[in-house]
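What follows is a short report on a single structure.
The values are calculated or read from the model by the stated rules, or taken from the named source; none is laboratory data. The model shown is predicted, which means the values in this text are computed figures rather than measured ones. In this analysis, Cβ positions are derived from the backbone assuming ideal geometry, glycine residues included, and neighbour counts consider all displayed protein chains.
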Amino acid sequence: MTKLLITTQVYENYGAHDWDGTGECPQYWKPKGGSDYVIRNVDECDMIEVIVDRVRPQIEESSDFYMETILGYKVVADDYLTEFERNQLEYDGKILFPAKEIVA
C-alpha cells in the first residue's frame, strides 16, 4: 500500500498585531512554514482529489490572524519520510515529530 502526503503553508497576518479589534483587520500576510499530513492505506487508483476534499476541513484553518492552506498532495510509498523526518533521523537519530496522521 501507499500513503497520501498533504503539504500545507501557514500564514500569519502581521497586520493584526496592531489591530484594536474595530473596523476591518489590516491585511499583511507572511508565510511562516507549514506542515505535512499523512493518510495511510491509500491506493493510487483511489479518487485522490475526493479524499483531499474530505479531509480539507481537518487541515485548513482561517481567521484574521492565522491561515493554513493546502499547497499540494501526492501519493508516496508507505516507507516515505518527509524532509523534516529525514532531518530528525540524521541529526537526532530518531523521529520525535512525525508527519501528522489523519483519517479520511
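Taking the listed residues D18, D36, D53, the one that is within 21 Å of I102 (Cα to Cα) and exposed (fewer than 13 other Cβ atoms within 10 Å of the Cβ) is D53, with no other qualifying. Residues in region 61-70 that are part of a strand (DSSP E or B) and either without any contact (Cβ under 8 Å) to a residue 60 or more places away in the chain or closer than 28 Å to G21 by Cβ (or both): E61, S62, Y66, M67, E68, T69. Within this structure, V42 fails the test of being modelled with pLDDT of 95 or more and either among the charged types (D, E, K, R) or surrounded by 15 or more Cβ atoms within 10 Å (Cβ to Cβ) (or both). Scanning region 1-60 for residues that are part of a strand (DSSP E or B) and without any contact (Cβ under 8 Å) to a residue 40 or more places away in the chain, we see that the one that is nearest to K74 (Cα to Cα) is P31. Residue count for region 56-80, restricted to those that are over 14 Å from the mean Cα position of the chain (by Cα) and loosely packed, with under 12 Cβ neighbours inside 10 Å: 4. When V75 is tested against (1) without any contact (Cβ under 8 Å) to a residue 24 or more places away in the chain; (2) in contact with an Asp or Glu (Cβ under 6 Å, 6 or more places away or on another chain); (3) not small (G, A, S), just one condition goes unmet, and that condition is (1).
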